[in-house]
Amino acid sequence: MSIQRAKLLMSGLRWHHLGFSFFWATTFAALTSSSEELLGGYESYSFCKQIVVVLVLAIAAYVLRARDSYTQRHAIMAGVFLATGSLLFYLAFFFGEYSLEAVLVAGVLVGCSSGGFFVMWQSFYASEGASRTAIYIPLSAACSVVLCLVVSILPVIWSVVCSVIVLPALATYCLCRSLEEIEPYEIIPCTPRKLSAVFRDLGKPVFCVSALGFVWKLVGYFDHSGESQSFLILMAGMACAALIVTLIELFSERGFDVLAFYRILFPIVTGVFLLPTLFGEVWFSVLSGFLMFGFEVLNLLLLMTCAVYASRNSLNSTVVYALCVAPTLCALVGGDILGVVLNRANVYDFAFVVDIMFVCIYGLSVVMFFASVGRSKRKASRIVAHVVPDVEDSSVAEGLDGEQAARSVEPAPSEESHASLGGASSKGSSGFDVPVSLVQASGFSAEAGASLSLEERLAELELVEQLSQREREVTGLLLHGNTVPAIARKLFISENTVRGHTKNIYRKLGVHSKQELIDLLG
C-alpha cells in the first residue's frame, strides 16, 4: 500500500520541481568556505547575509500580506542577485584584492537572493498540496547534497563557473517553470486573530527548531577538525536528514511532526553530548554532525508544515513562512555570534567547554519542558508536517473535540471560498495528527453510478459539451460532498489542479458557489 502511494507521488514529479536544490548547492558548497587568513572577512559576509535574509523575509511578508503572487521577473531578479553575489564573493576571497566593502555587498546580494528564493519556492509548495510538498522539499535537500559533493571535487575555476553561471541559471530556470504552475488560491487577510492562531499553532515547533539550531551553531565553533572534515560532516548530516524525512513521508502511515521528533531526538542528543566529555575533543565532530542532522530534520519538517498550514488555512504563504523561519534564522545568527565571541576570547579550556555543553543540554531540556506543556490536556494534538490530503472530514480527526474544530476554521464568506481552501484541515491549539488511508483503485467506484445521473442532468440542461471529461468527474465528486483534498486523492491529481477545475466549472456553468452548483445539478 505504501509502495503504491510512493509510486503515485513520484509519477507526478518533474525535475524542475526539485530546482531549489540548485540554489541550496550554490549557498552550501560554493559560498561556505574561504581561505584561513580571510576567516574574519568570511564571518562578516556570513553575518551580513543572514541578517539581510531576515530583513527580506520581514519586508516581503509586510508588502505582500494581502497577496501572494510572484512572476518570472521576480525569479530572474533573484537569480541575477545570486550570480552577482557569487561573483563578488570569489573576487573578494580568491581572485581579487580583499576588501570589506566587496564582502558586505556580496553578503547583501546573496541575502536578498536567498530571501527571494525562499518565499517564491514556499509559494509554489503551498500551492502543490500536502503530499507533493512532503516529497519535493526533502528530495530537493537530497539532490543539493549530491550537487555540493560534485562542486567540492571540481577544480577551483570550474567551481567558480558552476557557482556564478551554471547553478544560478538552473535555479532561476526551475523557479520560473514552477511559478508558471501556480494557480493562486484565495487568501484570507492576515488579521491579528489569524496571526495569533499561527503563533499558537506553530510556536512550539518553531521554538524547538530554533533552540536546536542555536546549539548546533554554537557547538560547531568548538570543532577544530578542519575545514574539509567539517564540510563532509555537514553534507553527511544533511544527506541523512533528507533521507530520513523522505522515507518517512513516502512510506510512513503517519507522518512525523516536529514536536514528536524533538522528543525522540532529545535523549539521543543528550547521549551524544557525553561523547566529548568521556572520550575527548576528537568527538566534537561527531557531536556537531549529529546536531546538524537533528536540526535539518526538524527544519525540513517545519518547512513542510509552513507550506501545508498556509494552504489548508488559505493564509499568505510568505507571511506564515516569515513568522516561522525568521526566528530560526535569528537563532542561527545568535549561535554564530556567541561562537565567534568565545573563539576570539581564546576559550580553549576543555573544562569550560564542557560547562558550555552542559548549559546547552539544560537549555534543550527547558525547551523540551515548554514544548510538552499542555500536551496531556489535548490528546494527540500535534502539528504534523506531513498533513496527508485524504481525510474526508478532518473535524472528527482523532484528538480534536468539537470546540476545537469550531474554533480552528472561521466561516468563509461563501461556499466558493470554502472550496478554494482545499478542505482546510481543522486544527486545535497545537494542530493534530491525521491518519493516512492510502488510495485504492476501487475507492472511486462509489461515484461511478452517480456520474451517469450527472451526465443525464447535464444533457437535460444542454450543458454536456460545456465540461470536459475531467471537469465532469470533478463535478460529480463535488456534488457528493468531497473536499478538494479528497478529490485530488481519488483522481491522482494535485489540489492546485482541482481548484483550477473547480473555477472552470463555476465559470462554464454560470454559478458562483458550491451551493449554486448543487441547486443546478443536484
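Details
- At a probe radius of 1.4 angstrom, the accessible area of segment 64-210 per residue rounds to 41 square angstrom.
- In plain terms, if you count all Cα to Cα distances in segment 264-336 and split them into 5 Å steps from zero, the share in each step is 3, 14, 18, 18, 16, 12, 9, 6, 3, 2, 0 percent.
- In plain terms, if you count all Cα to Cα distances in segment 44-153 and split them into 10 Å steps from zero, the share in each step is 14, 34, 38, 13, 2 percent.
- Cα-based Rg / Dmax (Å) for segment 51-105: 14.8, 45
- Length available on full extension from R263 to R73: 0.36 nm per residue minus the Cα-Cα distance, which gives 64.1 nm.
- The listed peptides 306-316, 210-220, ordered by packing as a protection proxy, come out as 306-316, 210-220 (highest mean of other Cβ atoms within 10 Å first).
- Direction-averaged projected area, Cα convex hull, segment 473-522: 3.0 nm², rounded to one decimal.
The values are calculated or read from the model by the stated rules, or taken from the named source; none is laboratory data. Values in this document were obtained by computation on a predicted structure and should not be read as measured data. Note: ideal-geometry Cβ built from the backbone for every residue, glycine included; neighbour counts use all protein chains shown. Each accessible area value is taken on the protein alone, full model and side chains, heavy atoms only, with ligands, DNA and RNA left out. Shrake-Rupley method; radii C 1.70, N 1.55, O 1.52, S 1.80 Å.
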